[in-house]
Amino acid sequence: MDPNALINTIIDKHEATYKGDKQYRNAIAHMATINIAEITEANIRDVVEDFLYNWGRMGRVLGREQYLGWQAKVAEIIKLNSEILKQFQNRNIETENLGNHKSEIVRLYESLKDATGRIASAKILNLVCPDFFPLWDNAVAEAVRAELANLQGHEFNKNIDPFSGEDYFRFMDGVRIFMSRHSDTILSLSVRYQQKKLRIVDQCFWWMVRRPLSLMF
């Protein structure tokens with residue numbers, strides 16, 4: 001099957017199953033109304049905690065003792081980094097030279113990972129900057145890592161620790177490559193389903209790693 005036709009099929013199946021992903025879109029819209037330079041722990045509990053626990057299903061992870069008080073920590077991290085985060089809120093991953101922002105990307109991811117873990121950190125970054133920071137999880141990260149390792153012309157560093165800031169930066173570059181190769185299809189689906197382009201990519205990756213046989217039934 002043509003890759004673009006496959007992407008269309010996957011997103012159609014995902015949207016038919018999850019009926020528009022209202023929780024995600026509402027959370028993104030709510031976060032956009034908050035001035036992150038003045039974000040409070042109450043904002044985190046109201047928007048981010050609800051997003052991570054109900055949509056992201058991160059309650060079990062974030063309930064661990066090591067993440068106790070993560071809400072206050074995240075509020076402080078976002079406030080301290082509000083200037084660069086505001087810049088990223090106005091940027092799109094597919095049009096950026098990510099190398100120009102590598103140190104900031106690695107630092108932001110690492111600081112949030114210390115507070116919330118390796119998966120929730122990317123979810124928070126995406127919630128704040130939904131056109132710049134992609135979502136990932138264990139299965140998607142592993143799948144993209146494997147493809148980048150075999151991508152012709154791509155220098156893959158095997159010594160990068162999985163789920164480190166360097167690994168997340170590399171994942172972002174993989175997402176950017178994917179989006180550039182399928183830009184028209186992703187844009188069309190984004191318009192059709194009124195979803196962020198990065199959310200379309202996430203839906204595609206999520207479905208492929210979890211339900212590949214559905215494409216043959």
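Those residues that are within 19 Å of PHE51 (Cα to Cα) and surrounded by fewer than 17 Cβ atoms within 10 Å (Cβ to Cβ), I need them from the stretch 115-150; list them, please.
ASN138
When you check PHE171 against the structure, is it within 13 Å of the chain's Cα centre (by Cα), in a helix (DSSP H, G or I) and closer than 20 Å to GLY117 by Cβ, yes or no?
yes
Do we find that THR95 is modelled with pLDDT of 95 or more, surrounded by fewer than 15 Cβ atoms within 10 Å (Cβ to Cβ), among the β-branched types (Val, Ile, Thr) and within 20 Å of the chain's Cα centre (by Cα) in this structure?
no
Can you find, within the stretch 1-43, the residue that is nearest to the chain's Cα centre (by Cα) among those that are more than 30 Å from ILE84 (Cβ to Cβ) and among the acidic types (Asp, Glu)?
Only one residue fits best here, namely GLU15.
Hey, can you tell me all the residues within the stretch 43-86 that are part of a loop (DSSP other than H, G, I, E, B) and either free of Cβ contacts under 8 Å to residues at least 24 places away in the same chain or within 22 Å of ARG199 (Cα to Cα) (or both)?
Answer for the stretch 43-86, where residues must be part of a loop (DSSP other than H, G, I, E, B) and either free of Cβ contacts under 8 Å to residues at least 24 places away in the same chain or within 22 Å of ARG199 (Cα to Cα) (or both): GLY56, ARG57, MET58, GLY63, ARG64, LEU68, GLY69.
Taking the stretch 199-217 on its own, how many of its residues are among the polar types (S, T, N, Q) and either in contact with a strand residue (DSSP E or B) (Cβ under 7 Å, 6 or more places away or on another chain) or more than 27 Å from PHE132 (Cβ to Cβ) (or both)?
Result for the stretch 199-217: 1.
The values are calculated or read from the model by the stated rules, or taken from the named source; none is laboratory data. Model, not experiment: these values are computed from the prediction. A quick note on method: Cβ atoms are made from the backbone with ideal geometry, for glycine too, and the neighbour counts reach across all protein chains shown.
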